[in-house]
Amino acid sequence: MSATSSVSTSIRAQQWKEFWFYFSVSKTAVAGLVFLILVVLMALFADVISPHGPAEQYREFAKLPPAWIEGGQLQFFLGTDYAGRDMLSRIIHGSRLSLLAGCVVVVLSMSIGVLLGLIAGYRGGWVETLIMRVMDTIMAVPGLLLALVLVAILGPGLLNAMVAIAITYTPSFVRLTRASTLTELNRDYVTASKVAGAGPARLMFISILPNCMAPIIVQGTLSFSTAILDTAALGFLGMGAQAPIPEWGTLIAENRDLIMSAPWTVTFPGIAILFAVLAINLVGDGLRDALDPKLKRS
Amino acid sequence: MSKQLIKARDLHKHYTINDGFLKSSKKLKALSGVGFDLYEGKTLAVVGESGCGKSTLARLLTTIEEPTSGQLSIDGIDMGSVQSKAITKQLRQTVQMVFQDPFGSLNPRQKVGDILQEPLIINTSLSASERKQKALDMMSLVGLRDEHFQRYPHMFSGGQRQRIAIARALILKPKVVVLDEPVSALDVSIQAQVINLLVELQKELGLAYVFISHDLSIVRHIADEVLVMYLGKPVEQGPSEVIFNDPKHPYTQALLSATPSTNIKNKRQRIKLTGELPSPIDPPNGCAFNPRCQHANKSCKISEPVMDTFGKSRAACLALDEGRI
C-alpha cells in the first residue's frame, strides 16, 4: 500500500513539475504570480504590516503628502487623506476586500455557471434552449450596467455588489462549460461509462467535468481580475462597499474631490487596482498557455 | 448445443436529421433488417466499410440505444418487453464493449484503478478492498502489472491501453463482449498480441464476441460466423470458412479480393470497386450496391433483394437469385 501511494505522490509531483515547466516558460506569468503572492500575503497579514489602523484618524496630519514629497512624513509613507487616515494602511487593508470580492464572485459565478453549463450540454433539448437563452439575455445587457441595476434593486453594499457581479459573470462560465461538455460528451470514454451503467450525475461530474476544467480554470482566473475591477467600479459609484470601509474603489470615490489638491489619495488606490489586476491577468495568461494541450511542446 | 445469448431479428435503427430550421427533417437509415444469433463461446464478425452501420449495431447491442423496430433478445430476455430497471441493469452487465480507439475510450483524468473499479461501483455493492482485489485480478488476467493500478492512461502504450479497455469490459463478468474494431488503431505487431489475448480470454471465460472489423485477415482468424453489411443492410451471412472460401455476393467477393495475400501462387483476380459509398440518407433505389456492382442490371435498380439461402450461407442479391452469377 505504501509502495502504491508513493507511486501516486510521485506522479502528482511529476504533474506539478510538468505544469511548472510550461508555466515558467513565460517570465511575465511568473512575475505576475510573485506579485499576486505578495498581495495575498499583504492581505493575510494586514494587521501586522500596516503601520496604522485603517480607520484611525490623525486630524492634525490631514492631507499629508507622501514621504518623498516635501512636507511628507515617514510615518505616513503614502500620505494621508482628508480625515488624516494613513493611505498605506487603508490600501493594505483594502487588498483584503478586493481579494475577498474576487474570490466570492469567482466561486459563485463558477459554481452556478459550471452546473448550468453541464446540465445544458448534457441534457440538450428544451432545457438547453431555456438555459442558453436566459444566459444570452443576461449577456445582452452590458455587465456593469446590469450589476448597477441589480445593486439598485438589492440595495448598496459589498455583499450585494459581489452577488450582482457574480450574476453578470455566470453566462461566460455557462457557455464555456456547455461547449466543452458537448465535445466531451461524444468521446468514447463517456460511452464506455454509459455502457457500464453510469447515471447522469456520474457522467456529468465524474466523467465529463474533470476533462472540461482547464478552460474553466483560466476563465476563473481572468474573471478574478475583472471582478476586482468591477467591485472597485461599483465602490466608486457608491453602490459597492460603503464609505468608511477601505475598499480600493471606495477609496478613490471618497477622495475624488481632492484630486487637484491631494492627488496621492486617488493615485495610490488606483495603482493598487492596476497592479493587482495586471498580475492576475498575467497569471491567467500563463495558466492558459500551460494548461492548453494544443500549445504543449516537446 | 451451447446457450443462445443474443437473438436479433430484423433490427432497424433510423435517425431523424434536422437539417436546419426551415427544411424538412430527413431519415437516416443506419441499420435496416439485421438479424443474427450468437451462441456462448462463439464469435460473430461484422464486416463492412465505414458508414455501413457496424457501430450502430454495437450501440444497439450494448443497450445504449433502442432499435427503431425489430426484435432483440439478450440472454433469453426480450429487450422490447423489459420494463423494470433491475433487469435492464442486469442485461447491461451481460453485454460489455471494447472501443476502437484506446486513446479516446479511457478517461484521461482517471487512474487505471478507478477506470476498472467504476463498473463495480455502479453495479455492485462490493467493499473498497474487494473492488480493488477484483480490479487487480482482472489486470493480471489481461497481462498488466499491479503497479499499473495507480497510473494514468496517458502513461501507457496503445496496446496496453487496449488491455485496460478489455479489462474494464470484462470486470462485470459479461457473457457477450462487443469489440468495435478493437485492434484497428494499433500497430500490426501489437494487433497480434491483443487478438491472441482475446482468443485466450474467450476460451478461458466462455465469452461470446461480436467482432466488428474491416480487417478481413483478422476476421478469418477469429470468427466463427461472418455478417457482411453494406449501407446498413446485411448482404451476406454464413459460417466463416464458407464466406471466405466461397463468397457469393459480389460485394463480399470484392472485399475478399482486396485483402492482401501472402500466397503468390493463389493470386486472385482483384475486383475493383468504383465510386463512393452512397449516403444512407439518400440510398439508391433497388439494391443498395447496384451503382458499384459489376453484375448489376435493370432489375437491380428497381427491386430490393432479400436474404436467400445459397448452399451453407445466405446472401441478398438479385443476380444470384436470377442465376446470373
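The values are calculated or read from the model by the stated rules, or taken from the named source; none is laboratory data. Quick caveat, the model's predicted, so the values are computed rather than measured. Please note: Cβ atoms are built from the backbone with ideal geometry, for glycine as well, and neighbour counts cover all protein chains shown.
Details
- Within segment A:117-134, residues that are aromatic (Phe, Trp, Tyr) sit with their Cβ atoms under 8 Å from residues that are in a helix (DSSP H, G or I), at 6+ positions apart or across chains, in these pairs: A:122/A:181; A:122/A:185; A:122/A:200; A:122/A:203; A:122/A:204; A:122/A:208.
- In segment B:113-124, the residues that are more than 8 Å from every other protein chain (Cβ to nearest Cβ) and within 18 Å of residue A:199 (Cα to Cα): B:114, B:115, B:116, B:117, B:120, B:121, B:124
- Count of segment B:80-112 residues, restricted to those that are more than 8 Å from chain A (Cβ to nearest Cβ), farther than 14 Å from residue B:172 by Cα and surrounded by fewer than 20 Cβ atoms within 10 Å (Cβ to Cβ), is 10.
- Subset of segment A:170-184 that is over 19 Å from residue B:109 (Cα atoms) and polar (S, T, N, Q) - its residue that is farthest from the other protein chains (Cβ to nearest Cβ): A:170
- The criterion of at least 1 residues that are touching a strand residue (DSSP E or B) at 6+ places or on another chain (Cβ under 8 Å), buried (at least 17 other Cβ atoms within 10 Å of the Cβ) and touching a residue at least 12 places away in the same chain (Cβ under 8 Å) is met by the following strands (runs of 3 or more DSSP E) wholly inside segment B:225-323: B:225-230, B:233-239, B:313-315.
- Test: residue in segment B:125-136 that is surrounded by fewer than 19 Cβ atoms within 10 Å (Cβ to Cβ), hydroxyl-bearing (Ser, Thr, Tyr) and at the interface with chain A (Cβ under 10 Å from one of its Cβ atoms): no
- Taken as a whole, the condition of being over 21 Å from residue B:148 (Cβ atoms) and part of a strand (DSSP E or B) does not apply to residue B:219.
- Count of residues meeting criterion [away from chain A (no Cβ under 14 Å) and not aliphatic (A, V, I, L, M)] in segment B:60-79: 9
- Of all the residues in segment A:12-50, those that are surrounded by 12 or more Cβ atoms within 10 Å (Cβ to Cβ) and more than 27 Å from the chain's Cα centre (by Cα) number 0.
- Within segment B:207-214, the presence of at least one residue that is over 18 Å from residue B:37 (Cβ atoms) and modelled with pLDDT under 90 is confirmed.
- Every condition in (1) free of Cβ contacts under 8 Å to residues at least 24 places away in the same chain; (2) on the phi < 0 side of the Ramachandran plot; (3) not charged (D, E, K, R) holds for residue A:174 except the one numbered (1).
- Screening residue B:160 against (1) touching a residue at least 12 places away in the same chain (Cβ under 8 Å); (2) within 14 Å of chain A (Cβ to nearest Cβ); (3) part of a helix (DSSP H, G or I) leaves a single unmet condition, (2).
- Residue within segment A:228-244 that is buried (at least 19 other Cβ atoms within 10 Å of the Cβ), over 22 Å from residue A:101 (Cα atoms), at pLDDT 85 or above and in contact with a Phe, Trp or Tyr (Cβ under 6 Å, 6 or more places away or on another chain) present: no
- Of all the criteria given as (1) more than 13 Å from chain B (Cβ to nearest Cβ); (2) buried (at least 17 other Cβ atoms within 10 Å of the Cβ), the one not satisfied by residue A:187 is (1).
- Here A:228, A:217 are screened, and the one residue that is closer than 30 Å to residue A:269 by Cα and within 14 Å of another protein chain (Cβ to nearest Cβ) is A:217.
- Annotation: residue B:148 fulfils all but one of (1) under 30 Å from residue B:34 (Cα atoms); (2) within 14 Å of chain A (Cβ to nearest Cβ); the unmet one is (1).
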